[in-house]
1. If you take the residues in segment 293-326 that are assigned to a loop (DSSP other than H, G, I, E, B) and of a type in the set (A, V, I, L, M), which one is farthest from residue 349 (Cα to Cα)?
2. I need the full set of residues from segment 60-82 which are part of a helix (DSSP H, G or I) and either β-branched (Val, Ile, Thr) or within 30 Å of residue 461 (Cβ to Cβ) (or both), in order please.
3. Got a number for residues in segment 251-273 being touching a Phe, Trp or Tyr at 6+ places or on another chain (Cβ under 8 Å) and in a helix (DSSP H, G or I)?
4. Name the single residue, out of those in segment 377-392 being in a strand (DSSP E or B) and in contact (Cβ under 8 Å) with a residue 40 or more places away in the chain, that is farthest from residue 407 (Cα to Cα).
5. Search segment 332-347 for residues that are among the polar types (S, T, N, Q) and pair each with any residue that is in a helix (DSSP H, G or I) when their beta-carbon atoms are under 6 Å apart and the residues are at least 6 apart or on different chains.
6. Show the residue pairs meeting these rules: Cβ distance below 8 Å; 6+ apart or different chains; first residue within segment 405-421 and farther than 14 Å from residue 315 by Cα and modelled with pLDDT under 95; second residue part of a loop (DSSP other than H, G, I, E, B) and not small (Gly, Ala, Ser).
7. Among the residues of segment 113-121, is any in a strand (DSSP E or B), under 26 Å from residue 380 (Cβ atoms) and either among the β-branched types (Val, Ile, Thr) or touching a helix residue (DSSP H, G or I) at 6+ places or on another chain (Cβ under 6 Å) (or both)?
Amino acid sequence: MPERHLLRAAAIAAAATALVAASAVSPAAAHGDHRGGGHGKHDHHAHGRSAGPEEINGYRSVGYLMADTPVTRDYQVEDLLNTGAISDITHINYAFGNVTSNLTCEITDVPGEGDAQNDYLRLVSAADSVDGKKDSKNQRIAGNFNQLRKLKEKSPDTKILISLGGWTWSDNFYAAAATPESRSKLVASCIDLYLEGNLPVVGKQGGKGVAAGIFDGIDIDWEWPVTGGEVPSTSPDPAVDKENFLALMEEFRTQLDAYGEEVDEDYLLTAFAPAGGWNAGQGGWLDPRLFATVDFLNVQGYDFHGGWVPNRTGHQGNLHPDGTENWGLGLDGAVGMYLNAGAAPEQLNAGLAAYGQGWTGVTVGDDAWQAATASIGTKPYYEIRSVGTGYFDPAVGASWRYDAATGDWWSLDDPASVTAKAQWLAQEGYGGAMWWDLSGDYRNELGNSLGDALRSAPEGPLG
């Protein structure tokens, strides 16, 4: 039986006796869009250009890949091969697709509303191409989509999903989920666009079926039902949002299964799930109906603390609670919240961050929760991995770096914290881990730490 159906059956059985026990914690800020930079072009790693695995010793490793990173960070799809990252990834979530004001999945070239240029219009050079062949202006599909197709030819076991929404493109989920008719319309449009591959025609590019076969499923990144995200809830009727969210997820499952039967494919349905009990409980994330619908959940494991508290350092992604600091929030409790609500452990992936939260004006650097004068925002791991002196607290499973010369203090995941988290998730029997996002790593340093730890662990639940 395919993995999805095994997990769904387990979830349904568990849900019958599950007790929903949401922890009362502060909502974590969403994972959002991280900033550009440069981290070394085409750095060859010891793993070489081998294909990616279907699973890593019985575990998943999911990585979000932002659509604009080939331009903003010079991180190409091809770099997954050149850095060896593909050897430590089982699933790629391509981020993001937009649910537009038409309440459908659409790819437009309107700034802020779509990214057709990076998705399938931008011509990729030979140097940046997976197979070393440059795009032609006469080909019907170019950009990231064509590179992902080439990647699948070299790494056929790697699953690629389109992730819908995100911090900036979740506003229209409310209206799209409001009625049975609007839910059906939205899901049908997403399948038509991303799975059937019917792309809008722009000049010589796009057309019927040109993107078919690239995506293996759909990831829902609605931030957040009921409670809102980047902007307050835009719902026309918040009282029914929880039910509408669950009904939308069920509609995705129903239509994905039906289309999968038509084309003899088993399509995945996943979601990015919040760490905060406030978001999770109100929004329907802890409802057994959700666990019976999705293949797996990627649970947010970062942004527990950050620049919204500009005068105090702290851990943004600690594994265990640091006493009562930050409401006792930790990755173990965030993932455990879903387990306690009835999810099967193998359905749950622990979120990891390839970026850090920073503060300045810090005078005490060898501990967390210290006074600071200001937040200095977020930076990708490759920019801060060597800042000052590194620290790791094994009791809470958290790493940070401090530069005494500048007073800068950074909370981040590093090989030590990643290894600790991987060992913990293996011990607990969870399904794996997830990265936001792949472009933030340095020559696959973090990805390789995760992969090595999972390969060294007892065989996981997917093996």
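1. Ranking the candidates gives 309 first.
2. 69, 71, 72, 80, 81 - these are the residues of segment 60-82 that are part of a helix (DSSP H, G or I) and either β-branched (Val, Ile, Thr) or within 30 Å of residue 461 (Cβ to Cβ) (or both).
3. Final tally of qualifying residues: 4.
4. 380
5. As it stands, the answer is 347/7, since those pairs meet every condition given.
6. none
7. no
For (1) assigned to a loop (DSSP other than H, G, I, E, B); (2) out of contact with any Cys (no Cβ under 7 Å at 6 or more places or on another chain); (3) at pLDDT below 95, each residue gets a yes or a no:
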{"site": "181", "(1), (2), (3)": "no, yes, no"}
{"site": "184", "(1), (2), (3)": "no, yes, no"}
{"site": "189", "(1), (2), (3)": "no, no, no"}
{"site": "197", "(1), (2), (3)": "yes, yes, no"}
{"site": "201", "(1), (2), (3)": "no, yes, no"}
{"site": "209", "(1), (2), (3)": "yes, yes, no"}
{"site": "214", "(1), (2), (3)": "yes, yes, no"}
{"site": "219", "(1), (2), (3)": "no, yes, no"}
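The values are calculated or read from the model by the stated rules, or taken from the named source; none is laboratory data. Since we're looking at a predicted model, the values are computed, not measured. Using ideal geometry, Cβ is built from the backbone for each residue, glycine included, and neighbour counts are taken over all protein chains shown.
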